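Below is one structure, written out as C-alpha cells; comments come after it.
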Amino acid sequence: MTIRRIQPWRRIAEAIQAVIILGIPFVRINGESALRFDISSLRLHVFGVSLWMDEFFIVLMGLFFLTFLTILVTLLFGRIWCGWLCPQTVIIDITSFLDRARLKGVSQKIAAYTLTLLACIVVAANLIWYFVSPYEFIPALATGSLGPVIWGFWISLSVILFLNYAFLRHTWCATVCPYAKLQGALFDSSTMVISFDGRRQSECMDCRACVRVCPVSIDVRSGLNAACISCAECLDACAERMEKKQKPGLIGYFFGRPGNKRKLMRTNALLIGAVTLLFLFFFLYLSFTRNPFDLIVMPNYDMRPRVTEKEELLNSFILAAENRGRQDREFTTAASLQGRTVKVLPERIVLKAGEYKRIPIYLFLPEKERGNAVLTIETSQPPPLRIVRNVGIMLPEEVK
Ligand code: SF4
Ligand code: SF4
C-alpha cells in the first residue's frame, strides 16, 4: 500500500512562496517596482498603478477584501495559511537545520546559528525592498552610500528576526501570533482541520511518532488544539507507521469531526463570500476608473484682475495639477466665454510623471463683463483626457 505524503507538496508550496516574496521587489512594471510603498513621496506602487495618499480608499478596499478573504479561507480550510504559506513557517522550515544542530556539537551549533543570521539579514533586506527599491538599495550598498536610517532599520530588523528564528520559532505561532488567537472565533463545526480519527482509536499503536514530530509539541489525539499550525507532520508520521500494517494513517484532513459530511456551501460561508466579492468588485472598479490626472482651478490672488493696454480684461487663475500616471503628459489649454473663443496663456502645459505643479494661467477677455468662462485642458496622448472647468470672471475695482 502506497501512502500519499503531504510534506513534499508543502515544501513545493513553501519554495514557490519564498521565490515570490523574494522576487516581487525585483519585478518592474512601467519602470516601477511591482509592489512598493515609497515613503518619500507617500505613494503605493502596485502592479503598474501608483496610488497617492488621497487615493488610499482604494487600498482600504483592497485591505477589506484581503481581510474577508482571510476570514473565508480560515472558515473553510482552517489554518491552511499557517501550515503552508505563512512566512514564519516557511523560514522556520528553511532553517530546520537549526533544530537538528541543537542536539550536536559546538561547531555545528555555531555554523547553524551563523547560517540563520545570514538568512535573517537577507529576509530583513527583502522587507526593506518593499519600501526602498532593490535597484537603489544594492548599488547604494555597493558604493557605501546606503545612509544611516536604512542601515539602522536593516540592523534592527535583522536582530529581531534572528531572535525570532533562532529562539522563538514555533513558540510565536502558539503564543503571540494574533491570527492564531483569532482562528478559534473563525472556525465552525465544518471547518477543515487536521484531526485524529477517533472512530479508529483501537488501531492506534501509541507509538507517539505523531507527537515527536509535532513542532508545537501537542498530541493530536487529544483533539483540536489552538496551538496546532496545520503542518501535517503528524499526518505523514502516522501514515508511515500504519503503512507497515498495510492500513491508512489515523490522522487526516477532516471537515469538522471525522465522519462529518463535507459542507462547503453553508450560510456563514456564503455571506462572507458575498462580502469578499463585493470588496473585490469595489477595489477593481475604483482601481480601473481612477483619474490619472487631478486638476483644481483657483483664483490667482497674486494678480488682481486688470485691463490691459489693448483694452482686454485680464484674469489670472492657478491650476493645481497633478499627473498621477507613469508617463510625462503634455496638455493644451483653451477657453471660451459665451461660446466665443478667448485667448489663454500658456497654451501648453507639460507635467512629468508623478509631478504636482501650481501653474498660473491668464485669460484675455475682450469684454469687461461678469459671468463664467469655460476653461478646457486636454491631451490626445493615450489615454486621451479632457477636463472642463467653469471659472468665474472677476472685474477690476475701477470697473465695478
Ligand atoms: S498537531 Fe500535527 S498538524 Fe498540528 S502542529 Fe502538530 S504536527 Fe502539525
Ligand atoms: S503516529 Fe499514529 S499510531 Fe502512532 S501514536 Fe500517533 S496516531 Fe497512534
Net lengthening on full extension, Leu284/Thr70 (0.36 nm per residue, minus Cα-Cα):
75.2 nm
Neighbouring Cβ atoms within 10 Å as the yardstick, rank Trp151, Trp129, Trp52 fewest first.
Trp151, Trp52, Trp129
Given the Cα-Cα distance of Leu264 and Ile20 and 0.36 nm per residue of separation, how much length would full extension add, in nm?
84.9 nm
So for the pair Arg306, Ser145, with labels modelled 7 Å out along Cα→Cβ, what separation do we get in nm?
4.5
Arrange Ser189, Ser287, Ser195 by Cβ neighbour counts within 10 Å, fewest through most, would you?
Ser189, Ser287, Ser195
Would any residue of the stretch 7-48 have its amide N under 13 Å from a label point 7 Å out along Cα→Cβ of Tyr135? List them or say none.
25-36, 48
Per-residue Cβ contact counts at 10 Å, fewest first, order Leu250, Leu395 as Leu395, Leu250
What FRET efficiency would be calculated for the residue pair Leu60, Ser336, taking the C-beta separation as r and a Förster radius of 35 Å, to the nearest 0.05?
0.30
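Scan the chain and note any complete DSSP helix (H) whose C-alpha atoms cover at least 18 Å along its axis and whose Kyte-Doolittle average is 1.6 or more. Mind showing how you got there, number by number?
On the way: long enough: 7-23 (23 Å, 0.53); 56-77 (31 Å, 2.74); 106-128 (33 Å, 1.67); 148-163 (22 Å, 2.09); 267-289 (33 Å, 1.95).
Those that clear 18 Å and a mean of 1.6 are 56-77, 106-128, 148-163, 267-289.
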What Cys residues in the chain have no fellow cysteine's beta-carbon under 4.7 angstrom?
Cys82, Cys86, Cys120, Cys173, Cys177, Cys204, Cys207, Cys214, Cys228, Cys231, Cys238
With -39,500 (n - 2.57) per DSSP H segment of 4 or more residues and division by the full residue count of the chain, the 222 nm estimate, nearest 500 deg cm²/dmol, is -12000 deg cm²/dmol
In nm, to one decimal, how far is the modelled label at Gln381 from the one at Ile29, with both set 7 Å along Cα→Cβ?
2.1
Pairs of lysines in the chain (C-alpha under 15 Å apart; 8 or more residues apart or interchain)
4
Calculate the spin-label point distance for Leu277 paired with Ser217, positioning each point 7 Å from the Cα along the beta-carbon direction, and give it in nanometres.
4.7
If I stretch the segment between Arg4 and Thr114 completely, what's the gain in nm (0.36 nm per residue apart, minus their alpha carbon distance), one decimal?
36.1 nm
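Read-outs: derived from the displayed coordinates by stated rules, not from any lab. Everything quoted here is computed from the prediction, not taken from an experiment. Cβ: placed from backbone, ideal geometry, glycine included. Neighbour counts: every protein chain shown.
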